[in-house]
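Scroll down for the structure; my scribbles are underneath it.
A short reminder: the numbers here are calculations on the coordinates, not readings from a lab. It should be emphasised that the depicted structure is a prediction, and the values quoted were computed from it without experimental measurement. Cβ atoms come from the backbone with ideal geometry, glycine included; neighbour counts cover every protein chain shown.
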Amino acid sequence: MTAAELLSVAAFIEGKHAQAFPNFGSERMGAPVVSFCRLDDKEIRLREPIQEPDALIIQDTTLLHSVNVFQGLKTDGYILINSTRTFDDLDIADFVAGFPPHHVCDVGATELAMKHVKRPVPNAALLGGFAAISGQLHMDSVAEAIMEKFPGVIGEANVAAAREAFHIARAA
Amino acid sequence: MLKQMEGSEAVARAVALCRPEVVCAYPITPQTHIVEGVGALVKDGTLDNCEFINVESEFAALSVAIGASAAGARSYTATASQGLLFMGEAVYNAAGLGLPIVMTIGNRAIGAPINIWNDHSDSMSMRDAGWIQLYAETNQEALDLHIQAFRLAEELSCPVMVCMDGFILTHAYERLDIPDQDEVDAFLPAFDPVQILDPDNPYSIGAMVGPDAFTEVRYLANDTQLQALRLIPEIGDVFKGVFGRDSGGLIHEYKTEGAETIVVALGSVNGTIKDVIDGMRGDGVGIGSVSICSFRPFPLDELRDALSGAKRVVVIEKSLAPGLGGVVASNVRTSLRDAGLAVYTVIAGLGGRAITMASLQEVFKAADDDRLPDIQFLDLDHAAVEHEIIRARRTRRSGPTAEHILRQKAGGAGK
């Protein structure tokens, strides 16, 4: 949920309308969680869960083969996966081959978080990666959103992780 | 000031801007973030001169608010679902005593079966407790309604519930205009109670009233609600003058002009409904909607005026009156008793089931073709309920219904 919230704040900083909301799953730690974010240039009135996303950020690759995370994703959509493994290793190479070039990317966001933040908190790095592949947000807006949520040293470490992810994703 | 913020936090800020002197807090999902937010604002000094009281139950939360309000303090609490039921006796007392408490309901289903997600069963269960009930369509309106609610409550000496959809609004982050303290101070005068417990000038509140006077007291409770019908739009106008935006009022009309079908609903689902209407209007279908903001008092005349030009009315409602159908639809029919148009009930979004544009569009098209049944459950799994009805009929000791439906949904039907 933090990632969706930060994404909505970054979009707000750029003057967009944004709506972030969780998919209120089971109330227990470790349960699969989905959260959503809509971006638009006008007021967002729609309250249904997003069923056909333009972009998908997958935080945990163990979900890839336990739930159909790609359900409804548009064929020209974007996929960002938190992983250092290849698409072959993840057993999704055939699936992602159908997407336009540079729309699918994996970034080791948890490793980047361990490097910069010293904790396995991949949200910031994933948003950096998302800004790079989607072109929907500027990296500086993502950094500003992170600093607003986590002022001080923790925020700076997260911004460093996000910036590195941004460069990795843009080069991919 | 524009901020990207969670609905609950925005409501907490709005409440704090109203300078409550007593806030009673007891946690229950999905309302918890609101009282936590107010607590944080008390702790960091943003909201001063406020007693933030952690109580031991919802019954205590409202009972303490009743005592505080009777002592002349501006009082606030929030709850949801079973929490509202648990404080039920105090809900009636607050209204019966005429104490202008403001309470947020983070709307949530009522068990059994236990369910933490959104529908309107909780606030609907207290619709006739004598409180004014306002339903917010957006988070902006939720925070605006809280500011209006204190003024409305204190002018009438009547408690006000502000109902906002749990999770869908309480947990959503969106762009919100957070008012300044100066604006709120200009809009909301200091609390000037009509009754106050004062040791120097003692009198009693809460007398035993027998058959000779009870009807008169109840008549006046109804009269208070009728006064609110006049006051709610007036306060909305004053609010617009100070804050520059439309919020609150009795009802909101959307594209009702020339509409043959008008959809009526409460709360956040109106946003989705409007998007569906825009699409259907683009296809040439004459359809519009009315969002009811004030459910108590119920705006009979305003609804009749808004709806009577249509051919049919479709009420989308997030609560069920078992054995009757729809609570809102029944009320809407009362406003249309002379108009002779069909009112259809669509029970939707129970226990947090998503209300999608696709499903709404299907219902509205069926309405347009006069194919809608009197009452329909949106996206009901007919096979599952029929299977369960037959199974329960075959076995006397058929066991718990909810568990059997869950087993079917998990793919174990008939096992």
Item to check | Taking the range B:2-243 and dividing mean pair separation by its residue count, relative contact order in percent (alpha carbons under 8 Å, at least six apart) | outcome: 24 percent
Checklist entry - How many partner chain Cβ atoms sit within 10 Å of a residue's Cβ in peptide B:271-280, on average, as a whole number? => result 2
Item to check | Computed [θ] at 222 nm, helices only, for chain B once each DSSP H run of length n ≥ 4 contributes -39500 (n - 2.57) | outcome: -13000 deg cm²/dmol
Checklist entry - the range B:320-378: which trypsin sites (Lys or Arg not before Pro) are DSSP loop and have at most 16 other beta-carbon atoms within 10 angstrom? => result B:ARG337, B:ARG371
Item to check | Averaged over A:38-47, number of beta-carbon atoms from partner chains that fall within 10 Å | outcome: 5
Checklist entry - Over the protein assembly as shown, what is the percentage of antiparallel beta bridges among all DSSP beta bridges, to the nearest 5? => result 30 percent
Checklist entry - Among the lysines, which fall within straight-line cross-link reach of B:LYS318, defined as a Cα-Cα distance under 27 Å, with same-chain neighbours fewer than 8 residues apart omitted? => result B:LYS255, B:LYS274, B:LYS365, B:LYS409
Checklist entry - Loop-only check: which trypsin sites (Lys or Arg not before Pro) in the range B:280-332 are DSSP coil with at most 11 other Cβ within 10 angstrom? => result none
Checklist entry - Is the shape of the range B:251-377 best called rounded, prolate or oblate, per the rule: a/c under 1.5 gives rounded, else a/b larger than b/c gives prolate, else oblate, with a ≥ b ≥ c the square roots of the Cα gyration tensor eigenvalues? => result rounded
Next on the checklist: Run through the range B:231-331 and list the GluC sites (Glu not before Pro) located in a DSSP loop whose Cβ has at most 11 other Cβ atoms within 10 Å.
Outcome noted: B:GLU257
Checklist outcome for this item: Close lysine pairs (the range A:2-171; alpha-carbon distance under 29 Å; 8 or more apart or on separate chains) counted at 7
Item to check | Cα gyration tensor, chain A - rounded (a/c under 1.5), prolate or oblate | outcome: rounded
Checklist outcome for this item: From the Cα centre of the range B:9-82 to that of the range A:115-172, the distance in Å is 36 Å
Checklist outcome for this item: Yeah, the range A:99-172 with a ≥ b ≥ c from its alpha-carbon gyration tensor (a/c under 1.5 is rounded, else prolate when a/b outruns b/c, oblate otherwise) is oblate
